[in-house]
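Step one of this worksheet: look at the structure below.
The values are calculated or read from the model by the stated rules, or taken from the named source; none is laboratory data. Bear in mind that the values here come from a model prediction, so they are computed numbers and not experimental data. Positions of Cβ are generated from backbone atoms using ideal geometry, with glycine treated the same way; all protein chains shown enter the neighbour counts. Each accessible area value is taken on the protein alone, full model and side chains, heavy atoms only, with ligands, DNA and RNA left out. Shrake-Rupley method; radii C 1.70, N 1.55, O 1.52, S 1.80 Å.
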Amino acid sequence: MPSPSFPHRWITALASLGLLGALVLTLALATSAAWAQPSGGPYGPVAQSYPVPKAAHVYFVAPDGRPEAPGTTLAQPTTLEAAVARVVTGDAIVLRGGTYRTGGLQLNQAVTLQPYLSEVPVLKGTREATEWEALGHNVWRTKWTRLFPAQPLGWWRADREGMLTPLHRFNNDMVFIDGEPLLSAGWPGEVGAQGFFIDYAQGYVYIGTNPAGRLVEITAHDIALHRPSREVHGKPSDRRGYTLRGLTFTQYAYRALDIEGKKPSARVSEEPTDDPVGPTPEAEHGKEVVGTVLEHVTITHCSRVAGFFRGDGLVIRNSLISDTGTEGIYVIGSADVLLERNLIRHNNVRQLTGYYPAAVKIFNQSNRVTVRDNLLIDHPHSNGVWYDVGNRDGVFIHNHVEGTQAGLFFEISHGVTVAGNVFVNNQQGIRVLNSAGARVLHNTFVNSPVLIDRNERSAQGDHFGWHPQTGPDVHQRVGHVFAANLLVGDAALKGPLLRLEQASVTCGTVTAPMVERLDGNVYLRAGRGQPLVTWAPVPGAACQATFADLAQLRQSVPGVESTGRDAVGVTGSIFRSPELRRFELARVPEGVKPIAVAEPLRKLLGWQDATHLPGALR
């Protein structure tokens, strides 16, 4: 993958200095004029002052609060643990600034948790390690009782991936020195200055950096806040979600947040996504906890997942999700979900292979999930957003996605509208696999090829059991539209800009075109000698063909790209300023004209004009 671009470097620098408020402000000022679509921010948490809410009861908590204190005044704060046990629907918990080393909190009431004014409360899942024994050879160890060993789930294929990913990377323990995470090692002699090793049998943690004068933190909790759908603290669930505003959760083994569905939350050794199991009517899932809201929340450094979110009406906006393991945001069996203006970066930091990572995963019959105007960056070992297993009617609009494996992956699902997005330097901008009804309209792809494909995978004998039953069957993977997009490749990009492919085993039996409309796209390449488009199916044993230009494609596949345009060997600047992430065209290529935009799409995107150039930007 390309090295981090200019904005990514200063985003990382600002974040390392703790200047998240400056980050979002800078993003807003630097890019709002540049990007009409996506908006240009602000993305992530916006620094602000939170007035004490008007709630039935307000409980004030502080890191040094006393559990027996009433918590009803600022002068007598209680502990967070005590307040969580007391609150009922309609109450609020106001957190004073500081570090709360806590976890395993359980809350099943619709309450609000927020900071006091502009103070910064941070919930941490680690404890400080202060007692170390020097062993020589630049190795130190400490006794530790709060350990979180784990194994890959049963579907992980050790015969394929065991040579690439050592098993110790699946353990959920984490170690930090002065806030910087270390990487797990296989034995004490391998730790070096940036690693750690855990002897689970004897309960020792080993590091290769002298801990004297350093802050060493080791995970002690595998969850911050658990939202059960059953009774806790003597109260039945009110079936409504909590509201989190302005809080930071960091350094949790496994995950920070977990909202239950019908099943209890899964242990790390269990599959967390089997709720529901098999094709299920929408009315039968997503109703246990409805209406959860996260705003201006930060979740970082979780060994697996930032949060498992189950339940209809979920909203996550202006939040930072960063440095996670297999997934950042994991939405399961939910409907009418909105993710907007979030900054999501650095997923799969342990570089696990064969675990299908995604910064955002929308999974298992989640319907009408809208991902709108988010910034996803720096995911060289992870996909961006992945709709997978039986989802319907997704909406993916106005996002900027850069530096991922697949920016958007839509698999085993029915219906998604992808429009107004910018994809930059992704191994694949979009991949649509074994799905039906994907509408990909007015997007800009920069060094981000598009793949639409299908294979023989079906519900019979599948490695994942019932998963394919939730999506279209082999002969139903049709109905896609790919129109009015701008696809650009520089001289270094290899392979086609657009690939429509199917497995050879399906040749002769699956013959319907995958795409019902392919037109109005603009293909620009700086280099020469590379194919432009791959198309399937065509007659023949391989049932697919590769074309150097649109003229060849039109000859072989009548009716496609009648208004499309292509140019190879393009010289000069294509975009206004890629260095500043200005991806409007520097000049309109010859023959390219604005295209009529249907009213429903204009309404969805908030566009006023009846016509728009191909691509996301003017």
Flagged in the stretch 577-618 as polar (S, T, N, Q) and either assigned to a helix (DSSP H, G or I) or touching a Phe, Trp or Tyr at 6+ places or on another chain (Cβ under 9 Å) (or both), in numbering order, are Ser577
Considering the stretch 421-455, residues that are in contact with a Ser or Thr (Cβ under 9 Å, 6 or more places away or on another chain) and among the basic types (Lys, Arg), and then whichever is nearest to Val481 (Cα to Cα), we arrive at Arg439
Looking across the stretch 125-163 at residues that are part of a helix (DSSP H, G or I) and without any contact (Cβ under 8 Å) to a residue 60 or more places away in the chain, the single one that is most open to solvent (accessible area, probe 1.4 Å) is Asp159
Within the stretch 203-216, of all residues that are in a loop (DSSP other than H, G, I, E, B) and open to solvent by less than 40 Å² (accessible area, probe 1.4 Å), the one nearest to Leu135 (Cα to Cα) is Gly208
Exactly one of Gly286, Gly325, Gly291 is modelled with pLDDT of 95 or more, surrounded by fewer than 24 Cβ atoms within 10 Å (Cβ to Cβ) and of a type in the set (Gly, Ala, Ser), and that residue is Gly291
Of the residues in the stretch 557-587, those that are out of contact with any Asp or Glu (no Cβ under 9 Å at 6 or more places or on another chain), loosely packed, with under 11 Cβ neighbours inside 10 Å and under 25 Å from Thr511 (Cβ atoms) come to Pro558
Note on the stretch 397-426: residues closer than 24 Å to Gly495 by Cβ, open to solvent by 10 Å² or more (accessible area, probe 1.4 Å) and under 16 Å from the mean Cα position of the chain (by Cα) are Gly403, Gln405, Phe409, Glu411
Every listed condition ((1) among the charged types (D, E, K, R); (2) more than 25 Å from Asp275 (Cβ to Cβ); (3) assigned to a loop (DSSP other than H, G, I, E, B)) holds for Asp238 save (2)
In the stretch 527-565, anything in contact with a Gly (Cβ under 9 Å, 6 or more places away or on another chain), modelled with pLDDT under 95 and among the hydrophobic types (A, V, I, L, M, F, W, C) is listed as Ala541, Cys543
Flagged in the stretch 175-202 as open to solvent by 20 Å² or more (accessible area, probe 1.4 Å) and either in a loop (DSSP other than H, G, I, E, B) or at pLDDT below 95 (or both), in numbering order, are Asp178, Gly179, Leu182, Gly186, Trp187, Tyr200, Ala201, Gln202
Selection over the stretch 104-124 where residues are in a loop (DSSP other than H, G, I, E, B) and open to solvent by less than 20 Å² (accessible area, probe 1.4 Å) yields a count of 5
When every residue in the stretch 588-618 that is within 25 Å of the chain's Cα centre (by Cα) and modelled with pLDDT of 95 or more is compared, the one most open to solvent (accessible area, probe 1.4 Å) is Leu604
Of all strands (runs of 3 or more DSSP E) fully inside the stretch 447-556, the set with 1 or more residues that are open to solvent by 30 Å² or more (accessible area, probe 1.4 Å) and touching a residue at least 12 places away in the same chain (Cβ under 8 Å) is 498-502, 515-519, 545-547
Ile377 vs (1) open to solvent by 10 Å² or more (accessible area, probe 1.4 Å); (2) aliphatic (A, V, I, L, M); (3) under 26 Å from Gln194 (Cβ atoms): all pass except (1)
Flagged in the stretch 554-570 as of a type outside the set (Gly, Ala, Ser) and within 17 Å of Gly529 (Cβ to Cβ), in numbering order, are Asp566, Val568, Val570
For the stretch 598-618, pairs from a residue that is among the β-branched types (Val, Ile, Thr) to a residue that is part of a loop (DSSP other than H, G, I, E, B) and open to solvent by 30 Å² or more (accessible area, probe 1.4 Å), with Cβ under 6 Å and 6 or more apart or across chains, are Thr611/Pro594
